[in-house]
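See below for the structure under consideration.
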Amino acid sequence: MRDCVELAFGSPWFDTVDQEHIPIRISNSCGSELEVELEAITPAGEKLQKFSLNIPPNSAREVEVVTELYLKKIIVKGKWREASGGEWFEIRGAEVTLR
(Lines give C-alpha, C1' and ligand atoms only; values in the text may rest on other atoms or scores of the structure.)
Protein backbone atom coordinates (compact mmCIF):
# COMPACT_ATOMS: atom_id res chain seq x y z
CA MET A 1 0.00 0.00 0.00
CA ARG A 2 2.95 2.36 0.52
CA ASP A 3 3.52 2.86 -3.23
CA CYS A 4 -0.02 3.61 -4.32
CA VAL A 5 0.48 7.38 -4.77
CA GLU A 6 2.27 8.59 -7.86
CA LEU A 7 3.23 12.05 -9.11
CA ALA A 8 3.48 12.89 -12.82
CA PHE A 9 4.57 16.25 -14.19
CA GLY A 10 3.25 17.90 -17.33
CA SER A 11 5.13 20.37 -19.51
CA PRO A 12 5.67 23.76 -17.87
CA TRP A 13 4.11 26.70 -19.73
CA PHE A 14 3.90 30.50 -19.43
CA ASP A 15 0.68 32.48 -19.35
CA THR A 16 0.18 35.97 -20.80
CA VAL A 17 1.58 37.72 -17.70
CA ASP A 18 4.77 35.59 -17.60
CA GLN A 19 3.74 33.35 -14.75
CA GLU A 20 5.09 29.83 -15.14
CA HIS A 21 2.62 26.97 -14.62
CA ILE A 22 3.88 23.49 -13.69
CA PRO A 23 1.10 20.86 -13.97
CA ILE A 24 1.18 17.98 -11.48
CA ARG A 25 -1.05 14.89 -11.61
CA ILE A 26 -1.46 12.96 -8.35
CA SER A 27 -2.73 9.40 -8.83
CA ASN A 28 -4.23 7.24 -6.10
CA SER A 29 -4.14 3.52 -6.90
CA CYS A 30 -5.11 2.58 -3.33
CA GLY A 31 -8.48 1.07 -2.57
CA SER A 32 -9.46 3.92 -0.24
CA GLU A 33 -9.75 7.71 -0.26
CA LEU A 34 -6.50 9.49 0.57
CA GLU A 35 -5.56 12.81 2.10
CA VAL A 36 -2.54 14.24 0.27
CA GLU A 37 -0.33 17.21 1.10
CA LEU A 38 2.15 18.52 -1.48
CA GLU A 39 4.64 21.33 -1.23
CA ALA A 40 6.60 23.00 -4.03
CA ILE A 41 9.85 24.69 -2.99
CA THR A 42 12.83 26.34 -4.66
CA PRO A 43 16.25 24.61 -4.49
CA ALA A 44 17.12 27.17 -1.77
CA GLY A 45 14.14 25.96 0.33
CA GLU A 46 11.76 28.89 -0.31
CA LYS A 47 8.13 27.75 -0.26
CA LEU A 48 6.28 28.43 -3.51
CA GLN A 49 2.94 26.71 -3.01
CA LYS A 50 1.24 24.12 -0.81
CA PHE A 51 -1.69 21.87 -1.69
CA SER A 52 -3.99 19.82 0.57
CA LEU A 53 -6.51 17.60 -1.17
CA ASN A 54 -8.50 14.40 -0.90
CA ILE A 55 -8.31 11.90 -3.74
CA PRO A 56 -10.97 9.18 -4.14
CA PRO A 57 -9.83 5.57 -4.58
CA ASN A 58 -8.38 4.60 -7.97
CA SER A 59 -8.51 8.13 -9.38
CA ALA A 60 -6.34 11.20 -9.88
CA ARG A 61 -6.39 14.96 -9.33
CA GLU A 62 -4.41 17.67 -11.06
CA VAL A 63 -2.94 20.87 -9.60
CA GLU A 64 -0.63 23.54 -10.99
CA VAL A 65 2.25 25.27 -9.29
CA VAL A 66 2.19 28.90 -10.46
CA THR A 67 5.22 31.13 -9.99
CA GLU A 68 6.41 34.51 -11.19
CA LEU A 69 10.00 33.60 -10.35
CA TYR A 70 12.30 32.52 -13.15
CA LEU A 71 13.64 29.28 -11.74
CA LYS A 72 15.73 26.53 -13.30
CA LYS A 73 14.01 23.88 -11.20
CA ILE A 74 11.60 23.27 -8.35
CA ILE A 75 11.35 20.47 -5.83
CA VAL A 76 8.01 18.82 -5.05
CA LYS A 77 7.62 16.75 -1.92
CA GLY A 78 4.67 15.52 0.02
CA LYS A 79 2.95 13.01 2.22
CA TRP A 80 -0.29 11.03 2.25
CA ARG A 81 -2.51 8.99 4.53
CA GLU A 82 -5.91 7.38 4.41
CA ALA A 83 -8.64 10.03 4.67
CA SER A 84 -9.98 8.26 7.76
CA GLY A 85 -6.70 9.09 9.53
CA GLY A 86 -3.69 7.08 10.54
CA GLU A 87 0.00 7.11 9.75
CA TRP A 88 1.46 9.55 7.21
CA PHE A 89 3.62 8.15 4.41
CA GLU A 90 6.16 10.19 2.50
CA ILE A 91 5.79 10.69 -1.25
CA ARG A 92 9.07 10.38 -3.05
CA GLY A 93 10.16 13.92 -3.79
CA ALA A 94 10.92 14.97 -7.31
CA GLU A 95 12.90 17.72 -8.97
CA VAL A 96 11.31 19.36 -11.97
CA THR A 97 13.70 21.04 -14.39
CA LEU A 98 12.21 24.13 -16.00
CA ARG A 99 13.13 26.05 -19.13
Approximate spin-label separation Glu90-Phe9, in nm, with each point projected 7 Å along Cα-to-Cβ: 1.8
Taking a ≥ b ≥ c as the square roots of the Cα gyration tensor eigenvalues, with a/c under 1.5 meaning rounded and otherwise prolate when a/b beats b/c or oblate if not, region 1-57 comes out prolate
Estimated FRET transfer efficiency (Lys72, Glu37; beta-carbon r; R0 30 Å; 0.05): 0.75
Global geometry of the chain, whether rounded, prolate or oblate, following the gyration tensor of its Cα atoms and the 1.5 cut on a/c: prolate
With every protein chain kept in place and a 1.4 Å probe, the chain has an accessible area per residue in Å² of 60
Full-stretch length increase - Thr97, Val17 - with 0.36 nm per residue and alpha-carbon distance subtracted: 26.7 nm
Of all the accessible heavy-atom surface of the chain, with the other protein chains kept in place and a 1.4 Å probe, what percent is carbon and sulfur? 46
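The values are calculated or read from the model by the stated rules, or taken from the named source; none is laboratory data. Predicted, not measured: the structure shown is a model, and the values here were computed from it. As a convention, Cβ positions derive from the backbone with ideal geometry for all residues, glycine included, and neighbour counts pool all protein chains shown. Surface areas here come from the heavy atoms of the whole protein model, side chains and all, with no ligands, DNA or RNA. Shrake-Rupley method; radii C 1.70, N 1.55, O 1.52, S 1.80 Å.
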